[in-house]
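Peer 1: I am attaching a structure below and will ask some questions about it afterwards.
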Amino acid sequence: MCLAIPARVVQIDEGLGLVELGGVVREASFMLLPDAQVGDYVLLHAGYALQKVDEAEAEETIRLLTELAEDGRAEA
Amino acid sequence: MVRYVREFHDPAAARGLAATIERITNRSVNLMEVCGTHTVTIFRHGIRQLLPPPLSMLSGPGCPVCVTTNADIDKAIALAEQSKVTLATFGDMMKVPGSYQSLQQVKADGSDVRVVYSPRDAVCMARDNPRQPVIFFAVGFETTVPTIAAALLEAEALGLKNFYLISVHKLIPPAMLALLEAREVRIDGFICPGHVSVVIGSQPYEFIPQQYGVPCVITGFEPLDVLQGIEMLLRQIAEGRAEVEIQYRRGVRPEGNPLARELVSRAFETSDADWRGLGCIPNSGLKLRAEYKRFDAEQAFAINPPPTKEHKGCLCGDILRGVKTPPECPLFAETCTPERPVGPCMVSSEGTCAGWYQYGSR
């Protein structure tokens, strides 16, 4: 039930806006994340943006996982 | 697949992580997750099958649907059964059996019960139908509570006089404390819930390594997140460390979301709460503050729910504490199936029993 999905902010106007997830656009409230900007990725839960996805941290984790994938391929 | 999801599904990286996990697991280890979304990831992606035998994954009380007591469901049903009232809730709650029936059954019998995606939808329903009382059956952990607080504050700002709540929210760290204090199972590490932590940050778990010496890793929900979280826990164990680490760094800041917490504490205060399987846990629930009592459905409507009753033979309580596994329940897969569930752990798609039933396990 605590699922939150990364969604891209398309539009914000006075705390309400639109986000896009996998090609679907839906309404979202930014009452809990007022500093979100158009173009940010946010975690969406029950119609509310809860937090910005930290893109630098995401890239760092992906880089680490890519290294592990090379180890994994070497083992396969 | 959505960006920031697909990158965390690479099978080669999973093999790399599984090999590392196998290398650093040198004794019997019990890791517990306390979030239903982790339970689902672990089953759906066959993560148990990737792990070496000395490593056991336990599911704790991580699904808000499952830990809601029969008494609370009976109360929601009694409110829904009143005439000229709309009861709105999340879809997950519809099929959960109370003592005698579920919300889905009372809806079939004519009560106005509606499923909403967001608590805001319930506020809009109240705004558009000012003569119709709309009661929101508010269930959820720290992830969901801020959305309900935000919706409530919006209802207040709109001056709505027909919007009400039943708050059966629960808080995760007090339940982890109760599990540690009960000492029924040995827990060597906690996979802490990523989206609860998006809101509360890392500080509320600090007592776990400090007072109980148990490592914690706040973990995301894609399969590679979970494998990496497990690997980080095993490293702490191997190196004799116990601390709170964050694997899910793209979503969780150490300070969480302070604004979300502020809105929650504007509307709610902590209270003791009854959990299925765990009983009453001090300060593990949230009730409306005195200045918001006019939104409290239980105060606004006089209801008299029937005495509660538990389902005979159902082991959901033991399963929620990680003491028993679903196949040890006499009802599992026989009288209790996802089509005809007896207990909530089989109803909820995030329930431990539903996971075992659907995906099996070794």
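The numbers here are math on the coordinates, done by the rules we state, and not lab data. Here the structure is a predicted model, which is why all the values come from computation and not from measurement. Neighbour counts are summed over all protein chains in view; Cβ atoms, including those assigned to glycine, are modelled from backbone coordinates with ideal geometry.
Peer 1: Return the average number of partner chain Cβ atoms within 10 angstrom of each residue Cβ along peptide B:189-202.
Peer 2: 2
Peer 1: Also, quick follow-up: Among bridges DSSP assigns within the protein assembly as shown, what percent are antiparallel (round to 5)?
Peer 2: On the way: 27 of 57 bridges.
Approximately 45 percent, going by the DSSP bridge assignments.
Peer 1: Continuing with the same structure: Averaged across the residues of A:62-68, what count of C-beta atoms belonging to other chains lies within 10 Å of each residue's C-beta?
Peer 2: Rounded to a whole number, the mean comes out at 6.
Peer 1: Over 5 Å intervals from 0, what percent of Cα-Cα pairs in chain A sits in each interval?
Peer 2: Result, from short to long distances: 3, 16, 23, 17, 12, 10, 8, 6, 3, 1, 0 percent.
Peer 1: Further question on the same structure: In whole Å, what are the Cα extents of chain B along the three principal axes, biggest one first?
Peer 2: On the principal axes, chain B reaches 64, 46, 41 Å in Cα extent.
Peer 1: Still on this structure, please answer the following. Could you go through region B:63-76 in sequence order and give the Karplus-derived ³J(HN,Hα) for each residue, using 6.51 cos²θ - 1.76 cosθ + 1.60 with θ = phi - 60°, rounded to whole Hz, and x for Gly and Pro?
Peer 2: Calculated HN-Hα couplings, in order: 10, x, 5, 5, 8, 6, 6, 4, 4, 5, 5, 4, 5, 4 Hz.
Peer 1: With a bin width of 20 angstrom, please list the P(r) values of the protein assembly as shown as percents of all Cα-Cα pairs, from the 0 bin to the one holding the largest distance.
Peer 2: 26, 58, 15, 0
Peer 1: In whole Hz, with x marking every Gly and Pro, tabulate ³J(HN,Hα) for region B:11-24 from phi via Karplus 6.51 cos²θ - 1.76 cosθ + 1.60, θ = phi - 60°.
Peer 2: Each residue's phi maps through the Karplus curve to give x, 5, 5, 4, 5, x, 5, 4, 5, 5, 4, 4, 5, 9 Hz.
Peer 1: So what J values fall out for region A:49-60 if you push phi through Karplus, 6.51 cos²θ - 1.76 cosθ + 1.60 with θ = phi - 60°, rounded to Hz, Gly and Pro as x?
Peer 2: Per residue, the Karplus-derived 3J(HN,Hα) values read 6, 9, 6, 7, 6, 7, 5, 5, 5, 4, 5, 5 Hz.
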